[in-house]
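The values are calculated or read from the model by the stated rules, or taken from the named source; none is laboratory data. Remember, predicted model here, so these are calculated numbers, not experimental data. Cβ placement follows ideal geometry from the backbone for every residue including glycine, while neighbour counts extend to all protein chains displayed. These accessible areas exclude ligands, DNA and RNA; they are computed on the full protein's heavy atoms, side chains included. Shrake-Rupley method; radii C 1.70, N 1.55, O 1.52, S 1.80 Å.
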Amino acid sequence: MALRLGLDPEDLARRVARWPGVLRAEVARGMVVVFVEPGSLAAEVIAAGDSYGVARVPGGGWDEWPRTWENPGFAVRYAYARAAAVRRWADGLGIGPGEPVGLVRDEELALLGALGELPGRARQAERERDPGALVKCLERLAGAYHDVHERCPALPRGDEKPGAVHGARVTLAEAARIALANGMNMIGETPRERI
């Protein structure tokens with residue numbers, strides 16, 4: 001991409017490497033590959049709030065029924081509802097969002113990757129006036145969130161005491177909630193905390 005735009009990829013990699021949250025940037029086959037600090041993206045999503053990935057591209061969306069995993073609309077809506085529930089439950093347990101560090105499990109990294117993809121897909125959908133890529137991105141984001149929710153719990157289980165990992169995962173759940181809400185709003189869907 002850098003070459004296609006007439007930019008020196010080495011120079012671009014040096015500049016990008018200085019951005020906050022970027023661990024390093026390197027050039028591979030004319031493309032700049034950026035390695036980010038896991039978790040910094042989650043904090044960025046929360047800080048951006050309603051403006052994260054904002055575009056308006058109505059016309060996407062899914063059928064309401066059936067409410068099964070095979071229906072991507074259900075999976076996206078349920079991912080939002082689950083993330084919203086984590087926030088409510090965490091508040092009830094006195095677990096606040098924590099510093100988004102230590103998110104190293106494959107599921108967490110996959111979710112961070114999906115979160116990072118959303119703004120670009122939103123701009124693409126707006127530019128092309130086609131919500132298709134954005135809808136697919138939301139489906140991937142929802143799937144990644146379901147994996148995290150089930151395999152990397154944000155809340156302590158049983159007699160487990162809350163720790164830093166729980167705060168980090170509450171932050172990750174909140175980032176997913178915000179991104180899903182914004183993405184659903186972009187395509188004309190109204191996010192619901194309970195379905």
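Could you pull out the trypsin sites (Lys or Arg not before Pro) across segment 116-195 that fall in loop regions by DSSP (anything but H, G, I, E, B) with no more than 14 other Cβ atoms inside 10 Å?
Arg129, Arg157, Arg192, Arg194
What distance in nm separates the simple spin-label points at Arg192 and Arg157, each placed 7 Å from Cα in the Cβ direction?
2.9
I'd like the accessible area for Asp91: 1.4 Å probe, protein heavy atoms, all chains in place, Å² to the nearest 10.
Taking all protein chains as shown, Asp91 has close to 110 Å².
With a Förster radius of 35 Å, plug the Cβ-Cβ distance of Ala164 and Glu70 into 1/(1 + (r/R0)^6) and report the FRET value to the nearest 0.05.
Taking R0 as 35 Å, the efficiency between Ala164 and Glu70 is 0.40.
Using the Karplus curve 6.51 cos²θ - 1.76 cosθ + 1.60 with θ = phi - 60°, what ³J(HN,Hα) values do you get for each residue of segment 164-174, in whole Hz, with x for Gly and Pro?
Along segment 164-174, the couplings run 4, 4, 5, x, 5, 6, 5, 4, 5, 5, 5 Hz.
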